């Protein structure tokens, strides 16, 4: 790993990376590249990188601790715990449960990144902004990745504990695990050797350090702020593999709670994610065995965590820009194969010779789809080819989003493949549901609703 990592990140255009691998109580770690191309400070195994949405598993763990203590029933409607919880659909808002938030089936628009300030009341204020958020489908109907739902879970933790979310995170999870160097905000991160994200603002010009280090504090439970060393992320994962026991043998989470988080709650469409989602964990039911994990993407930084429960094998890959998934795929692929006995499936790669969808199918897909972060148009040209064009909107456009255009080719039924990679990956897109003979949703992990053209 130490010999290969420098060349791998250079090939992938990644400025810097830090990696840790755990097996049988031993940890091996390595780092390469720089934390910022502006300063040239080198990455080390002790460097902090933002873990992005991997934070959601920590948030889910805090919620499960409340269930362990008898303070919370996961099947209780959110409104019982947070009487002020509102979305644009009052009937749906009354029905949404804590469990549905944890496994991304609540059904309301999830990409809400409203900045409600830096004060300890930011999550309380954030909740007040959700009253106009549209309901995309009935609660429990399907999976759609939901950042806002995890902010609501963070507020539940605050109300139950009577303390700000980041204090709860530190007292009930980071401290018991001995993670003294994790930074829950920029004020702590600046005290450490900390990575800066890199983005390509103008296509073809190359990466440059992002102008904003983190998203809003109000999105912290969903992954806007937390930064860690790879080995610290492994310590968290190994607690879960030990069914809730911390490094000193103290119980951080009940055995039943840790195992419940790994139980499938909803099956996923074939859009490049896992097989199912648990209570926080993404679940991969592979021919060689089960893998749990989560990915994280924030402003110019990406994080990957994978664990094999049956083999006590963990791997964390943290990066600060470029084609980060290539770095993850090579390292995690080898680690999981050689130490965990798990062979990861190959990433789908389209062939230009693949056919376009048939005319009848294409007419079902054509249309305009909208989410809080992007507007996507699917069209068919005179030659019968199907095209997807996505324009970022909102905070995505302001930070590091870039327009994306690609031809779509047939793959598996209503799931198609893009010919052009996006950030180095050909992520499948699925057309689901029915809206008068046309697809109701364009699904990429998030369900974007069809809207009038």
Item to check | In range of the label at residue 254: residues from segment 44-68 whose backbone nitrogen is under 15 Å from the point 7 Å along Cα→Cβ | outcome: 61-68
Next on the checklist: If packing is taken as the average number of other Cβ atoms within 10 Å across a peptide's residues, how do 177-187, 159-169 rank, most packed first?
Outcome noted: 159-169, 177-187
Next on the checklist: Of the listed values [x] 23.1, 82; [y] 21.6, 74; [z] 21.1, 66, identify the label whose number matches Rg and Dmax of the Cα atoms in Å calculated from this model.
Outcome noted: [z]
Next on the checklist: Quick check: residue separation of residue 383 and residue 310 times 0.36 nm, minus the Cα distance between them. What number comes out in nm?
Outcome noted: 21.2 nm
Checklist entry - Remind me, relative contact order of segment 1-151 in percent, using alpha carbon pairs under 8 angstrom and six or more residues apart? => result 17 percent
Checklist outcome for this item: Between the modelled labels at residue 432 and residue 71 (7 Å from Cα along Cα→Cβ) the distance in nm is 3.3 nm
Next on the checklist: Between residue 359 and residue 185, what's the calculated FRET efficiency when r is the beta-carbon distance and R0 is 51 Å? Round to 0.05.
Outcome noted: 0.45
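Once fully extended, how much extra length lies between residue 115 and residue 267, figured as 0.36 nm per residue of separation less the alpha-carbon to alpha-carbon distance?
Between residue 115 and residue 267, full extension yields 51.5 nm more.
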Checklist entry - How far is it, in nm, from the label point at residue 211 to the one at residue 11 when both lie 7 Å from their Cα along the line to the Cβ? => result 3.5 nm
Checklist entry - Just from its helices, what would the mean residue ellipticity at 222 nm be for the chain, if runs of 4 or more DSSP H residues each count -39500 (n - 2.57) and the sum is divided by every residue, rounded to the nearest 500 deg cm²/dmol? => result -7000 deg cm²/dmol
Item to check | By average C-beta atoms within 10 angstrom, highest first, the peptides 348-359, 2-13 | outcome: 2-13, 348-359
Checklist outcome for this item: Quick calc: nm separation of the 7 Å Cα→Cβ label points for residue 275 and residue 129 -> 3.8 nm
Checklist entry - Taking the mean number of other Cβ atoms within 10 Å as a proxy for protection, how do you rank 380-391, 422-433 from highest to lowest? => result 422-433, 380-391
Next on the checklist: Let's test the formula: R0 of 25 Å, r as the Cβ-Cβ distance of residue 171 and residue 44. What FRET efficiency results, to the nearest 0.05?
Outcome noted: 0.35
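Computed from the coordinates by the stated procedures, all read-outs in this text should not be read as laboratory data. What you see is a predicted model, and the numbers here were worked out from it, not measured in a lab. All Cβ positions, glycine included, derive from the backbone under ideal geometry; neighbour counts span all protein chains shown.
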